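Okay, structure first, notes after.
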Amino acid sequence: MTKIPSVTFGEVEIDEAKVFEFPEGIPGLKGITQYFIIDRVDLAPFKWLQACQPGYLSLMMLDPVLIDNTYKVNFKDEHRKIIGDCEESELLTQAIIVVPEDPKQMTANLLAPLLFNTKTRKGMQVVVEGHRNNLRVKVIKD
């Protein structure tokens, strides 16, 4: 176990075997390739993607199916080349959540979800086919 300083969660103890490598990084977060998922009951249904370094970087995530029950990412050969092959049950899909000053206005990025291969411990951000309006989809419906 390793302790990682997190601005959001304080010092977090993680199992190195649960760290995900993002071989291509995440666009806009240059040079940051190692992350782990904070998945706690008290935060459900949200999860957090915490960078191993720097500790100030953590991203709120949510299963996109909770926003759109028909949401599905087609796992393509180009994805397999980066994060490896896996069964559907070993693939975790998460949408990045943006929380503005008014939390009721939080949005999910359904256009570019994060894919996690839980077997190879690799991840990537992908751009899916869809309308540009899927970039900022309200999480809490009016």
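Taken together, the values in this text are just the output of simple stated rules run on the coordinates, not laboratory data. A quick note: this is a predicted structure, and the numbers were derived from the prediction, not measured. Please note: Cβ atoms are built from the backbone with ideal geometry, for glycine as well, and neighbour counts cover all protein chains shown.
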Practice problem: Give me the percent of DSSP beta bridges within the stretch 2-138 that run antiparallel, rounded to the nearest 5. | Solution: 95 percent
Quiz item: For the chain, what is the mean residue ellipticity at 222 nm derived from helices alone (per DSSP H run of n ≥ 4: -39500 (n - 2.57); sum divided by total residues; nearest 500 deg cm²/dmol)?
Solution: -1000 deg cm²/dmol
Quiz item: Tally Lys/Arg at +1 and Asp/Glu at -1 over every other residue whose Cβ is under 12 Å from the Cβ of Lys3; what's the total?
Solution: -4
Quiz item: Where in the stretch 6-88 are there chymotrypsin sites (Phe, Trp or Tyr not before Pro) that are in a DSSP coil and have at most 16 other Cβ atoms within 10 angstrom of their Cβ?
Solution: Phe9, Tyr56
Quiz item: Given just the C-alpha atoms of the chain, how large is their convex hull per residue in cubic angstrom?
Solution: 125 Å³
Quiz prompt | Choice from Pro45, Pro100, Pro64 showing the highest fluctuation, given a GNM over the chain with Cα pairs closer than 10 Å | solution = Pro100
Quiz prompt | Karplus-derived HN-Hα couplings along the stretch 110-123 (A = 6.51, B = -1.76, C = 1.60, θ = phi - 60°), whole Hz, x at Gly and Pro | solution = 8, 7, 9, x, 9, 10, 10, 8, 6, 7, 8, 6, 10, x
Quiz item: Counting Lys +1, Arg +1, Asp -1, Glu -1, what net charge surrounds Asp85 among other residues with beta carbon under 14 Å of its beta carbon?
Solution: +1
Quiz prompt | Unit charges on C-beta of K, R, D, E only; dipole of the chain, Debye | solution = 300 debye
Quiz item: What ³J(HN,Hα) values, in whole Hz, does the Karplus curve 6.51 cos²θ - 1.76 cosθ + 1.60 give for the stretch 74-83 when θ = phi - 60°, with x put for Gly and Pro?
Solution: 7, 7, 9, 4, 5, 6, 4, 5, 8, 10
